[in-house]
Amino acid sequence: MSLYSSVKDSLAGIGVTKNFLGSVESGIKSGANSLGSFASSALGGGKLASAATKAASTMGAGIISSKINSYIPPQVRGLINSGAQAGGQLLQGDWEGAVLTGLSSSAGSKLLGNVLGRTMSQGRFMGSANRAFADISPTEAIAIHDEIISIRRSKKNLYMISATSEVGGDFSETFNLFCADAEISLVNISGDKRRVGGASVDCPTSSEAVDLRFTTLDDQNGTIKRWFEEHASAVAKRDGTFGVPASYAITFKVLHAYITEGGGFQSAGLYRPVSCEVGLSRREDGFEELQMSFTQIDTFMVP
């Protein structure tokens with residue numbers, strides 16, 4: 001509070017008015033005159049000494065005044081004066097007077113007008129149609145942008161596969177470890193077009209079985225190949241007989257956009273193995289890839 005009191009007493013002592021810089025200038029001139037009087041006394045107080053010191057003090061005060069006028073433009077002087085008077089009124093507790101002083105000054109009015117003008121200009125720009133934004137306003141473009149980025153899109157590299165069967169048990173962990181790519185057919189409905197007079201009518205005929213295609217890696221022991229062969233042998237046995245679906249069916253569940261259970265879209269079905277292809281080459285040092293395909297057993301059967 002001591003600093004506040006000192007500033008308040010100082011402003012009250014110099015009598016802050018509408019001409020704050022004028023008071024400062026008067027103080028400088030008064031100081032120069034006092035200095036001239038002291039110099040005159042020091043020189044003996046004669047007429048010549050008085051004349052010389054008076055001329056010197058007048059010249060010094062004039063130089064100071066001219067410097068103030070040259071470095072501070074008139075509009076800035078008005079703003080400083082009104083600001084100093086408003087500051088004094090604030091220290092004295094006159095809040096309304098301080099606000100009126102700032103608004104009544106020409107510099108304050110111009111400053112407020114510039115701020116309001118810029119605000120209104122920006123408002124017109126943000127609310128008007130703009131060719132750069134496809135004839136919509138920047139405000140509408142920002143709203144569309146915010147809505148777009150707020151949607152969590154499904155990523156194709158995030159998926160989890162569950163593979164279980166009577167032959168191999170739960171093979172999900174190993175299958176997910178080696179699976180690199182997955183192609184899933186969700187729905188396949190076939191139909192014909194029938195002509196009725198001059199029109200064409202769509203006639204759905206059946207719900208076709210869907211397919212699964214996986215690209216996987218494998219280890220040196222051929223774990224994935226052995227797993228596929230075991231299920232293929234359960235479908236078509238070496239003695240020429242076929243197994244029943246309950247013995248070779250593989251339940252595949254693919255969870256989209258998540259790698260943990262509890263959310264997202266999940267496609268599920270009962271499948272049997274169809275083919276497994278692998279490409280080997282001595283021309284490149286790369287990982288072996290398996291192309292496996294599965295087909296849906298019965299369209300009306302769900303796991």
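The values are calculated or read from the model by the stated rules, or taken from the named source; none is laboratory data. Only a predicted model underlies this, so the values are computations on that prediction, with no experimental measurement involved. Don't worry about glycine lacking a Cβ; one is built from the backbone with ideal geometry, like all the others, and counts go over all protein chains shown.
Residue-by-condition table, conditions (1) of a type in the set (Asp, Glu); (2) surrounded by 14 or more Cβ atoms within 10 Å (Cβ to Cβ); (3) in contact with a helix residue (DSSP H, G or I) (Cβ under 7 Å, 6 or more places away or on another chain); (4) outside the structural domain of Val235 (by TED's automatic domain parsing):
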| position | (1), (2), (3), (4) |
| --- | --- |
| Gln122 | no, no, no, yes |
| Glu140 | yes, yes, no, yes |
| Ser150 | no, no, no, yes |
| Glu173 | yes, no, no, no |
Spans of strands (runs of 3 or more DSSP E) in segment 130-242 with at least 1 residues in contact (Cβ under 8 Å) with a residue 24 or more places away in the chain: 159-165, 179-184, 199-207, 211-216
Ile250 being crowded, with 17+ Cβ neighbours inside 10 Å, in contact with a Gly (Cβ under 9 Å, 6 or more places away or on another chain) and modelled with pLDDT of 95 or more: yes
Some residue of segment 276-288 being in contact (Cβ under 8 Å) with a residue 60 or more places away in the chain, within 27 Å of Lys155 (Cβ to Cβ) and surrounded by 16 or more Cβ atoms within 10 Å (Cβ to Cβ): yes
Boolean, Leu255 is at pLDDT below 95 and at negative phi: yes
